[in-house]
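Derivation of every value follows stated rules applied to the coordinates shown; laboratory data play no part. These figures come from a predicted structure and were not determined experimentally. Note: ideal-geometry Cβ built from the backbone for every residue, glycine included; neighbour counts use all protein chains shown.
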Ligand SMILES: C[S@@+](CC[C@H](N)C(=O)[O-])C[C@H]1O[C@@H](n2cnc3c(N)ncnc32)[C@H](O)[C@@H]1O
C-alpha cells in the first residue's frame, strides 16, 4: 500500500531537520522577512499549523507571539521541543485538532497545505480554531511551479514526489500539486475570505516559487 503523505514526512523527518537547519539552504532563509510582513502583530495566541521541526514557531516567538505548534510527525515535534524546550509543541493531525473552537487569533501554516492528504479538512480545522476577527496566514508552493506530474492537467490534483540533493543533503518531497482553485475552494467552504495575496519573486526564475495568503473569517 502507498504511504500517506503524513507517513512520508515522518520517514523524512531526519532529512528535513538537517535540510532546514543548514543556513541558507532552502528558500525560507531568503523569504522569511517578507513573509512575516504579511503576518499580523502578536495578539492572544498563535498556532503554528504543521510546525515541522519548529523554525517558524521559533521565529514567531522571536517576534513576540505566544505560540503553540503541532505536527503529525512525532520526529519533527521531538526536534522542535529539543530546539526550544520552553515552547509548546504537540503531535496532532491537521484534520482533527485537540483545541477548542476559537482558541487562536492567528494560525500560520507555512508550506503545509500541499503536503496534507485532506486540504478541505485541514482548512476547516484551521477555521474552527480561529477566533472571529482572527487571521490565517498561508504559504504554499505556487501551483504553477509545483513539480507535480506534468502529464496531468493543471486542474487535476496530482501527487508530487521529488528526490533532491543539495549541499550533500538528501531530501524526498512528497505531497500534492493542486490547482489554485483547490486551495481557494477550501478557504471558501471554511468561510474564510482572502484579504491579501503575494507571489514573491524567486531568484531569476520566470515563475514564482511560492504563494502567500492571508485570510479571515467572513
Ligand atoms: C514542508 S514541511 C513544513 C514544516 C514547517 N511548517 C516549516 O516550514 O518548517 C510540511 C509539514 O507538514 C506536516 N504534515 C503533513 N501532513 C500533516 C497533517 N495531516 N497534520 C499535521 N501535520 C502534517 C509534515 O509532517 C511536515 O512537518
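Values for this structure:
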quantity	calculated
Normalised contact order of the chain, rounded percent, pairs of Cα under 8 Å and 6 or more residues apart	19 percent
Segment residue 4-residue 205, length gained on full extension (0.36 nm per residue, minus Cα span)	69.3 nm
Cα centroid separation - segment 1-79 against segment 143-218, whole Å	16 Å
Highest average packing first - 14-22, 43-51, 174-182, Cβ atoms within 10 Å	43-51, 174-182, 14-22
Contact order relative to length of segment 25-142, as percent, for alpha carbon pairs under 8 angstrom and 6 or more apart	25 percent
Inverse mean reciprocal Cα-Cα distance (Kirkwood Rh) of the chain, Å	17.5 Å
Size descriptor, Kirkwood hydrodynamic radius, that averages inverse alpha-carbon separations across segment 65-114, Å	11.9 Å
Segment 82-185 shape via C-alpha gyration tensor axes, a/c threshold 1.5	oblate
Semi-axis lengths, Å, segment 126-188, gyration tensor of Cα atoms, sqrt of 5 times eigenvalues	27, 18, 8
Sum of -39500 (n - 2.57) over DSSP H runs of 4+, divided by residues of the chain (222 nm, nearest 500)	-8500 deg cm²/dmol
Three-way shape call for segment 27-149 based on the alpha-carbon gyration tensor, with the a/c threshold at 1.5	rounded
R0 of 25 Å, Cβ-Cβ distance residue 88-residue 11: FRET efficiency to nearest 0.05	0.50
Of all DSSP beta bridges in segment 32-127, antiparallel share, percent nearest 5	10 percent
Sites residue 167 and residue 34 - FRET efficiency at Förster radius 22 Å, r taken between beta-carbons, to 0.05	0.40
Gain on full stretching of the segment that runs from residue 197 to residue 184 - 0.36 nm per residue minus C-alpha separation	3.5 nm
Added length on full extension, which subtracts the Cα-Cα distance from 0.36 nm per residue, residue 152 to residue 44	34.6 nm
Ranked list, fewest to most other Cβ atoms within 10 Å of each Cβ, for 28, 89	28, 89
Beta bridges by DSSP in the chain, antiparallel share as percent, to the nearest 5	55 percent
Over segment 33-76, equivalent-ellipsoid semi-axes from the Cα gyration tensor in Å	19, 11, 8
